[in-house]
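The values are calculated or read from the model by the stated rules, or taken from the named source; none is laboratory data. Keep in mind it's a predicted model, so treat the numbers as computed, not measured. Ideal geometry is used to build each Cβ from the backbone, glycine not excepted, and the neighbour counts take in all protein chains shown. Quick note on the areas: whole protein, heavy atoms, side chains included, nothing else; ligands and nucleic acids left out. Shrake-Rupley method; radii C 1.70, N 1.55, O 1.52, S 1.80 Å.
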Amino acid sequence: MTPEEILEKLHAKWEEVERKATALLEAFNNTLQKIARFSGWVAEKAAAFWNNTVVPAWQKAVDWMSEHWNVFGAPWLCFGAAGDWRSGVGQPTSERAGLATKGQLDVDTTWKGTAATRYNDRLGEQERALGAVSEQFAETIAASLTKVGAGIITWWLGIIVGIGILVICLVTATGEAISVFGLPAVPPTVYAGWASFVGGLIIGTGALTTLCLLAKSDLAGARTKLAKFPGGSWPAFGS
Amino acid sequence: MDERTARDAATIRARGALAALALCLLLAMACAAFALTAPGDAAALLWVGAALAVIGALAALVVQRANRRLAGDPRDGAAVAGMGLLAVAVLMAWAVGVLVVLAVTREVVYTLAALAFVVLVLPPLVMGWVTAKGPHPS
């Protein structure tokens with residue numbers, strides 16, 4: 001199953017949640033009508049619970065989902081970009097860092113004098129700067145992208161679990177609501193479903209936010225530690 | 001609560017637990033699919049996630065079996081009492097998963113993500129709680 005297919009399945013599940021919620025509402029209302037025949041106050045209390053607690057919570061969740069539905073993020077792109085930074089930038093520069101050392105060319109040993117000494121001194125700086133492109137930048141950027149990708153997946157898992165448990169609890173509550181004696185079990189089951197949905201959202205969002213903030217902090221750290229780049233720029237070869 | 005209603009409710013909860021099992025298996029597959037393409041430490045995290053989801057599926061199976069027993073005998077106290085033990089076992093498995101991620105990656109960031117993986121064992125925990133809550137015959 002590709003990530004796009006998982007996302008599509010998630011869309012379908014959310015639509016199922018909406019259908020199940022409507023079914024639960026109908027089952028609840030039908031049972032209330034039965035109860036109202038012989039015990040009006042029970043029906044009143046149940047209707048108040050439904051209208052004051054369940055419906056507003058449901059509306060909030062629907063609004064939140066419609067706002068965030070299309071900004072899921074694509075972890076596979078983060079992982080792909082991390083790989084590109086390692087293989088396309090980090091690895092080639094790391095390999096070339098070894099070439100910027102003394103002894104690679106005949107001129108390194110045959111060329112003598114003040115200019116040659118200055119040149120040889122600057123070779124080490126070039127080697128360190130080239131090495132830092134891989135260690136300090138490419139690797140940090142790749143690791144940060146990986147963290148953000150993992151955060152997005154964790155967020156998805158939270159959403160999938162939240163929606164999944166909500167569907168299960170709504171179906172279970174609907175089954176319980178069709179019997180007058182089963183009606184008392186409906187609120188705890190519905191509460192459990194909603195608590196899991198909200199919990200899934202909070203846990204997923206919390207994890208995504210934490211991972212993104214830590215990745216941002218790593219990137220900011222890499223930008224400030226410029227010991228291998230004198231004056232914050234690429235070391236000059238000749239001056 | 002009369003026995004017939006308790007039996008019907010247990011049957012419905014057994015179906016719910018079966019759905020929780022399917023959800024956990026879906027999560028395990030999703031984690032494994034991402035783990036195959038994720039680099040380094042993220043792959044370790046996601047494999048632990050897949051393992052936790054499988055544990056969640058097994059726990060959901062236990063909840064389903066307990067509800068099947070309750071559907072047969074609504075006064076079976078052991079089936080209800082077992083839900084508490086199941087919750088402890090599942091939470092222990094989650095804690096071990098967090099420690100494994102910490103040991104393998106040695107990174108706080110992935111350990112925090114592993115903490116969020118409690119959602120992977122949430123389906124059996126919720127169904128276990130709903131089962132313990134009842135209705136049971138008085």
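Some observations on this one:
- Interface A:B - total buried accessible surface [probe 1.4 Å, Å², rounded to 100]: 3000
- Of the trypsin sites (Lys or Arg not before Pro) in the stretch B:11-86, the ones in a loop by DSSP (not H, G, I, E or B) with at most 13 other beta carbons within 10 Å are B:75.
- For chain B, alpha-carbon Rg and Dmax in angstrom: 16.9, 56
- Between residue A:99 and residue B:92, the FRET efficiency estimated from the beta carbon spacing at R0 = 41 angstrom works out to 0.15.
- Averaged over B:37-47, number of beta-carbon atoms from partner chains that fall within 10 Å: 6
- Reachable lysines, given that their alpha-carbon falls under 17 Å from the alpha-carbon of residue A:147 and they are not under 8 places away in the same chain: A:216
- Helix runs (DSSP H) in chain B reaching 20 Å along axis by Cα, Kyte-Doolittle at least 0.5: B:3-37, B:40-72, B:77-105
- Hydrodynamic radius of the stretch B:64-106 by the Kirkwood approach over all distinct alpha-carbon pairs: 12.2 Å.
- Accessible area in the full protein assembly, largest first, 1.4 Å probe, for A:205, B:105: A:205, B:105
- Partner lysines whose Cα lies under 16 Å from the Cα of residue A:112, excluding those fewer than 8 positions away in the same chain, are identified as A:102.
- The stretch A:139-167 residues near the modelled residue A:229 label - backbone nitrogen below 13 Å, point 7 Å along Cα→Cβ: A:139-141
- Among the protein heavy atoms, those of residue A:211 account for about 0 Å² of accessible surface (1.4 Å probe, every chain in place).
- For residue B:133, the lysines whose Cα comes closer than 24 Å to its Cα, not counting residues fewer than 8 places off in the same chain, are A:20, A:45.
- Measure of compaction for the stretch B:4-74 (Cα Rg per 2.2 N^0.38 Å): 1.43
- Separation in nanometres of the label points that stand 7 Å from Cα toward Cβ, at residue A:91 and residue A:209: 3.8
- Alpha-carbon Rg with Dmax, taken over the stretch B:42-120, Å: 15.5, 49
- Computed packing ranks the peptides B:17-23, B:5-11 as B:17-23, B:5-11, most packed first, by mean other Cβ atoms within 10 Å.
- Accessible heavy-atom area order of A:229, A:137, highest first, probe of 1.4 Å: A:137, A:229
- Rounded to the nearest 500, the 222 nm mean residue ellipticity of chain B from helices alone is -30000 deg cm²/dmol, with -39,500 (n - 2.57) taken per DSSP H run of at least 4 residues.
- Accessible surface ranking for A:218, A:106, A:121, 1.4 angstrom probe, highest first: A:106, A:121, A:218.
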